[in-house]
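Nothing in this text is a laboratory measurement; each read-out follows from the coordinates by a stated rule. Since this is a predicted model, take the numbers as computed values, not measurements. A quick note on method: Cβ atoms are made from the backbone with ideal geometry, for glycine too, and the neighbour counts reach across all protein chains shown.
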Amino acid sequence: MSEPFASVASPTARELATTEHAHRRLGPRGVSASSLGAMTFLVVCAMYFLMPFSWLIVAATKTQGDLYNTFGLWFSPHFNLFANLQQLFMGDHSIFVHWLLNTLIYAGIGAGVGTVLASIAGYALAKFIFPGRNFVFSLVLGAVLVPTTALALPLFLLMSKVGLTNTYWSVLLPSMVSPFGVYLSRIYAASSVPDELLEAARIDGAGELRTFATVAMRLMTPALVTIFSSSVICASRRAARSSGENVVFIHGLPWTEAGEPVLLFSIISSLPLDTACPQSSAPVALQEHAANQQWNRRDQ
């Protein structure tokens, strides 16, 4: 018996021409000229953006003299990385570790607590109906429009009255208040947290706190990440402004030469990392003495 054979369609002339054109366009390895150009451009951009990090790593292995006498993008004959790290972390009674911990406290704790409070307030404004809700939200919108520079002097006077200057609370407490976070949480909760889902959780016996923590917060995660990121930046800037190095006294009150920050603490060991590092050329004891002298002039 003869077995049936399946008929195989032969390619048409148009298909053959299309395949041949594709091979000519892509070349023997399947890479077009436009793809090669785009890849080259991306590689150049990557090298450009990674060059500062490369220089930072290479510079960390050099002595102070090799920084100026050798090529900046390559290692010097004297590998001094471990000695530099020891001097960084152990010098001036480990003051760098204090600055690093201060930065984590100001940015991490302040931003974390501020994000939680903003999410709770925004969720309440979006999902609960109570008298004055629109008025409260209008106040939040108004607070978003107030520049931080306008709050510098009242903030200093308030902290000075309650005796919180030269303490961590003078930076942490303002960082825990985020009008922008409340606004974003309210808008996101109103549009992304369905009321039906909240009602289902309540019917299943979940309380309001559990409903918020297990249902609403998970749906609000993208907004919370954005709020936390912006709060970290604001907390770092607030800590830097609150410990400005160039302070002048106008009518007995401390201002920076730029007219922005107000000094909330003069203890050098309480500074954040981004403010303390530019001032670290002098010994810490001398900086403490100079800062305390400026601070004492406030009461004169």
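A simple spin-label model places pseudo-atoms 7 Å from Cα toward Cβ; at Leu219 and Ser94 they are separated by 4.7 nm.
Among the chymotrypsin sites (Phe, Trp or Tyr not before Pro) in the range 31-80, those placed in a DSSP loop whose Cβ has at most 15 other Cβ atoms within 10 Å are Phe71, Trp74, Phe75, Phe79. The modelled label-to-label distance for the pair Thr40/Ile203, using points 7 Å beyond Cα in the direction of Cβ, is 6.4 nm. Shown is the FRET efficiency for Asn80 and Ala143, computed with R0 = 45 Å from the Cβ-Cβ distance and rounded to the nearest 0.05: 0.35. Across all C-alpha atoms in the range 40-79, the radius of gyration and Dmax reach 12.0, 36 Å.
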